[in-house]
Structures are given as C-alpha cells and as structure tokens.
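> Structure provided below as structure tokens; questions to follow.
None of the figures in this text is laboratory data; all of them are computed from the coordinates on show. Here the structure is a predicted model, which is why all the values come from computation and not from measurement. Because the Cβ atoms are built from the backbone with ideal geometry, glycine has one as well, and the counts that use them run over all protein chains shown.
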Amino acid sequence: MFLNRRTFTASVGAVAGLSQLIPIGRANANASTPLFVATWNFGLASCRKSLEVLQQSGSLLDAVELGIQVAEADLKNDSVGVGGAPNADGVVQLDACFMDGATHRAGSVAGLENYPHPISVARRVMEKTKHVLLVGDGAAAFAQSQGFKKQELLTEEQKKKWEAWKSKQPAPGAAPPNHDTIALVGLDANGHLAGGCSTSGLAYKLAGRVGDSPILGGGLYVDGEVGAAGATGIGENIMRSCGTFLIVEFMRNGMEPTQACKAAIDRIAKSERKPISELHINFLAIDKKGRWGGAGTDNSYEIAVVTSNSATLEKPFLVK
Ligand code: GLY
C-alpha cells in the first residue's frame with residue numbers, strides 16, 4: 001500500500017536504540033511499540049521528540065504534547081503555531097485538540113490568540129476543567145489563568161505575505177488552500193493510545209472560522225480499545241463527515257489502518273459530490289495492534305513513522 005519510502009538515515013541515527021530499519025511491509029503489518037505517527041515531513045521531528053519523552057518519562061501524554069510543541073515552535077512551518085498564517089484580518093488564531101484513549105477524556109481550544117502552544121492549553125482543558133472545548137477570549141482567559149505565557153504569533157514574514165494578499169482585495173476567505181496541520185498519534189508498549197492535533201488553520205480564513213483540527217472526530221479521534229486517526233487538509237471537507245471518527249469505526253469493524261483511511265476518503269468523496277482533486281483531505285491511523293497506515297488525496301502528503309528502532313517518512317496511499 002505504501003510507495004516511495006524515504007529513509008532518513010541521518011535522523012534515524014538520532015533515535016535511541018536504532019540498529020536496523022524495518023522493511024515496509026513488516027512495519028505496516030506487525031509494527032512494534034512504542035509507535036508514533038504524524039502528518040507531513042515536519043512530523044518526523046515531532047515523533048522523534050515524542051519517542052524521546054516517552055523513553056525518559058514513561059508518559060504517553062507528555063510524549064504527544066511535547067512532540068506537537070516542536071511543530072508549533074517551528075517558524076518554517078506556516079500553518080502551525082508561531083509563524084502560522086493569519087486570518088483575513090491579519091490575526092493568527094490557533095486551533096488544537098488532545099485526546100487520551102485510556103480515559104476517553106479530551107480537551108480542545110479554537111480561535112486561540114497569542115498563546116504559542118495551543119496543544120498544551122487543550123491538554124489543560126482536558127485535565128483541569130469539566131469541559132471539552134473552549135474558544136476565543138474564553139480560551140485565552142483560561143490559558144492566562146493556567147500560567148501560559150503570551151507571545152506575538154504573527155511573524156514579519158507572514159505579515160508581509162498577508163499584506164500582499166490583502167492588497168489584491170480578495171473575496172472574503174479566498175486563499176490558496178494550505179494544509180500543513182500536525183496530527184500526531186501514539187501507542188505505548190502497554191497499549192495506551194493518545195493523540196493531538198494543532199493548526200493555525202486555512203490561511204486568510206474568515207475571522208472566527210474553526211476547522212476540523214480542534215473537533216473530535218474531525219482532526220483527531222482516539223478510541224482506547226481500537227486505535228487513533230488524525231487528519232490534515234481542508235477542514236470543512238473533513239468535518240462534514242466526521243472523518244477520523246469514521247476511520248476508527250472502520251478499524252473497529254476489522255479494517256487495517258490504510259484500508260480504513262482509504263474507505264473514509266471514498267465515503268467523503270461520495271458525500272461531498274466533488275472530484276477527488278478538489279477535496280484536499282489526508283489521513284493517518286494506527287490501531288491497537290501497532291499497525292499504522294494512511295491515505296490522502298494530495299500527492300505531496302507524507303507521514304512520519306517512528307518506533308524505537310526506526311524513523312521514516314512514508315508515502316501514504318494516494319486516492320485519485
Ligand atoms: N485542517 C486544518 C483546517 O482546515 O483548519
């Protein structure tokens with residue numbers, strides 16, 4: 001199911017205990033634990049951080065949170081965290097969610113301004129409140145009450161790009177699709193599953209627009225008995241079909257991860273009544289057995305897969 005495997009020996013060397021690479025078929029069929037899988041090539045650094053944290057602390061939740069923080073802090077990444085593209089008003093509004101499969105607890109934030117690590121605020125919502133989703137000013141007030149530090153999220157580079165876009169007097173919400181959201185899911189050696197998702201959302205979105213990333217069953221879903229799935233791409237196309245919930249349900253009914261991701265895209269394409277080339281939806285999934293997979297509609301889509309003895313970028317099944 002996977003094509004064009006790219007093996008990163010340099011980065012692999014940084015993974016503790018690496019001695020050999022797992023052939024692709026074996027990795028997908030009988031993956032070892034711990035296992036971390038994330039969207040896009042920048043997900044490799046996040047997954048490596050997650051493994052390091054898990055090996056040092058034993059906490060899968062810390063591993064997921066701190067792994068995603070790496071992508072949020074990466075200025076080269078223009079749709080997650082600091083340096084993310086702003087909305088149509090030139091304001092960076094971040095979305096994130098966090099879910100623990102062992103307890104079925106979850107937390108989310110949406111439209112969060114001036115806090116660089118929405119994934120950490122989302123985890124705090126899960127751990128410190130009775131709620132699941134906090135938005136806008138309420139989310140920011142909660143972050144402040146929890147001692148998170150404020151920071152300007154709009155970089156000079158993003159400001160210039162936004163000004164150039166604005167000068168063309170575009171229609172509201174009209175912008176080229178960017179979809180570099182990080183979704184990261186993990187499984188430890190005890191069978192504990194967890195995941196998180198973080199994004200600045202579509203570039204130049206309408207102020208207040210919330211995508212799939214903070215929505216459980218949209219950008220992320222984790223079921224401690226079955227597996228976990230994450231998404232990147234145009235959130236509206238994912239949310240209308242509860243894409244990641246659908247993938248987990250397909251796995252519950254016996255599909256392996258890649259098959260489940262592909263089946264979800266087929267279902268969404270049918271529901272959306274749009275050509276596949278217009279969907280821009282990309283998924284990853286892991287199951288409780290430690291099998292991983294992915295499928296997407298974008299040729300550029302890659303997933304990072306890290307275990308204690310391998311760290312690779314994989315080309316998921318391309319749905320055309
Ligand atoms: N998938 C990210 C978004 O649509 O906001």
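To keep it simple, each residue is scored yes or no on (1) closer than 26 Å to ASP223 by Cβ; (2) more than 17 Å from the chain's Cα centre (by Cα); (3) assigned to a strand (DSSP E or B).
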position: THR33; (1), (2), (3): yes, yes, no
position: ASN41; (1), (2), (3): no, no, no
position: ASP78; (1), (2), (3): no, no, no
position: ASP95; (1), (2), (3): yes, no, yes
position: PHE98; (1), (2), (3): yes, no, yes
position: VAL109; (1), (2), (3): yes, no, yes
position: PRO116; (1), (2), (3): no, no, no
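> Here are the criteria: (1) within 16 Å of the ligand (Cβ to nearest atom); (2) touching a His at 6+ places or on another chain (Cβ under 8 Å). Tell me which single one VAL92 does not satisfy.
So the condition that VAL92 fails would be (2).
> Right, next: With ALA85, ALA141 as the choices, which residue is over 29 Å from VAL248 (Cβ atoms) and free of Cβ contacts under 8 Å to residues at least 12 places away in the same chain?
Every option except ALA141 fails the conditions.
> While we're here: How many residues does the stretch 221-243 contain that are hydrophobic (A, V, I, L, M, F, W, C), in contact with a helix residue (DSSP H, G or I) (Cβ under 8 Å, 6 or more places away or on another chain) and near the ligand (Cβ under 10 Å from one of its atoms)?
Going through the stretch 221-243 one residue at a time, the tally reaches 2.
> May I pose another question? Checking ARG123 against (1) out of contact with any Pro (no Cβ under 6 Å at 6 or more places or on another chain); (2) within 16 Å of the ligand (Cβ to nearest atom), which single condition isn't satisfied?
Checking ARG123 against (1) out of contact with any Pro (no Cβ under 6 Å at 6 or more places or on another chain); (2) within 16 Å of the ligand (Cβ to nearest atom), the one that fails is (2).
> So, in the stretch 280-295, exactly how many residues are of a type outside the set (S, T, N, Q) and under 15 Å from THR244 (Cβ atoms)? Give the derivation first.
As a first pass, look at the stretch 280-295 and keep what is of a type outside the set (S, T, N, Q): 280-281, 283-295.
Then keep just the ones that are under 15 Å from THR244 (Cβ atoms); that gives 281, 283-287, 292-295.
Looking only at that region, the number is 10.
> Now for a separate question. Which residues, taken from the stretch 194-233, are in contact (Cβ under 8 Å) with a residue 60 or more places away in the chain, among the charged types (D, E, K, R) and either buried (at least 24 other Cβ atoms within 10 Å of the Cβ) or under 11 Å from ALA110 (Cβ atoms) (or both)?
ARG209
> Got a sec? Which of LEU66, LEU44 is at negative phi and surrounded by 23 or more Cβ atoms within 10 Å (Cβ to Cβ)?
Of the residues listed, the single one that is at negative phi and surrounded by 23 or more Cβ atoms within 10 Å (Cβ to Cβ) is LEU44.
> How many residues are within 22 Å of LEU54 (Cα to Cα), outside any strand (DSSP E or B) and among the hydrophobic types (A, V, I, L, M, F, W, C) when one looks only at the stretch 301-320?
0
> Are any of the residues in the stretch 122-142 within 16 Å of the chain's Cα centre (by Cα), buried (at least 22 other Cβ atoms within 10 Å of the Cβ) and not aromatic (Phe, Trp, Tyr)?
yes
> Select from the stretch 193-220 the residues that are within 16 Å of CYS97 (Cβ to Cβ) and aliphatic (A, V, I, L, M) and write down the one among them that is farthest from the ligand (Cβ to nearest atom).
LEU193
> I'd like to check something: does the stretch 178-186 contain any residue that is within 12 Å of the ligand (Cβ to nearest atom), aliphatic (A, V, I, L, M) and surrounded by fewer than 22 Cβ atoms within 10 Å (Cβ to Cβ)?
no
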